[in-house]
Structure formats: C-alpha cells, structure tokens
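Let me begin by presenting the structure, written as structure tokens, before commenting on it.
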Amino acid sequence: MIRSALVSASVLAVLATAACAPVIEGGPPLDLPPGLAETASIGTIYMSSDWLQVEDDFSDTFVDEVGEEMRTCADGTWPLDLRLHVEDVHRAGRLEVALNGEGRHQVRAVAELVDPRRDNLVVGRYPLVVEVDAGGRMAGIFGDRQMIVAEAFGRALCDAAFSRNPRRPGPHNATPD
C-alpha cells in the first residue's frame, strides 16, 4: 500500500515537472517591441534539441556562451527568459581544417524570448542560421568548436533581437569574425 502510494506520487511528480518544462512554441519570426528591446535583461536560459551529433557537454557550453553574450547586450531591468531549440549543428572537421586551412561551423536554432511576468508570453522569436569561420589551422585543430559556434550564435541573436553586437572580434573573443 505504501509502495503504491510512493509510485503514484513519483509518477505525479514526473508528469507535473514535464508539463511545466519550457518548450519552443514555434511560429513566425517576431521582433521584440522597441521599448522592451531597450530595457530587457535575460534571466533563465532553457535549451532543447533534437538528436544532435555533438559532444555531451554541448548544451552546457551553448547555454553558457549564449548567456555570456546576452549579458553584454541585454543589460536592462526587465527580466525575460530565453528558450533555445537547436535544430542542427555542423562543425568543420579538425582534419579538414588542418589540411585545407579553412572550414566553417554552422548552427540552426530558434530563440524565443518570453516574459515570465506575463505567463511566459512569447515577446520575441528569432529563427537563426549562423555560420562562422573555423579560424584557420591552429584554431581549427586546437580551438573549442562548440564554444566558437555558440558564441557566434549569441552574437547573432544580440544583433537580431537588440540591434547590437555585444563585442568586437579580437583575442578576447573565441569567434574569429
């Protein structure tokens, strides 16, 4: 009897958690209202993806790098949450870059900015395809490809949603462009 009550409680907890899990709603692109673009800050970042051929830590790296870029371009006082759904990732192979001295990384994802104060209303939606140079032989061989593509995505999202690039390219930035 106690065991069946514990199983029922566990199942209920899992279902309640799954029902509350943030997901991309989808739909057409939607620009942030101008006033909100000026005053927004990013709170929690959620990431989902379909089956991707990437390392296990991709989600952590992607969320960290996009979050870092968002903190530099969305530094207002109105908190928004960010939902990311990564649809596809392609990274240049290390051997390819070593031999050719060139290659490209690409990520296709949808970013939704939601207002947690208004029942998670989607206030901005940006389907983006971002392509970035692998950075030459040395960066292609030794660089963190996940970090490079995630940072490039964060910069593209800053530009699309807030009309500003958070940083200039340089040695402080993993993105070569």
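The values are calculated or read from the model by the stated rules, or taken from the named source; none is laboratory data. It should be emphasised that the depicted structure is a prediction, and the values quoted were computed from it without experimental measurement. Heads up, the Cβs are rebuilt from the backbone with ideal geometry, glycines too, and the neighbour counts pull from every protein chain shown. Note: areas computed on protein heavy atoms with side chains; ligands, DNA, RNA excluded. Shrake-Rupley method; radii C 1.70, N 1.55, O 1.52, S 1.80 Å.
Laid out as a table, the results:
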{"read-out": "Highest to lowest packing among 34-41, 156-163, 85-92, scored as the average C-beta count within 10 Å", "value": "156-163, 85-92, 34-41"}
{"read-out": "Rounded accessible area of MET47 (nearest 10 Å², 1.4 Å probe)", "value": "50 Å²"}
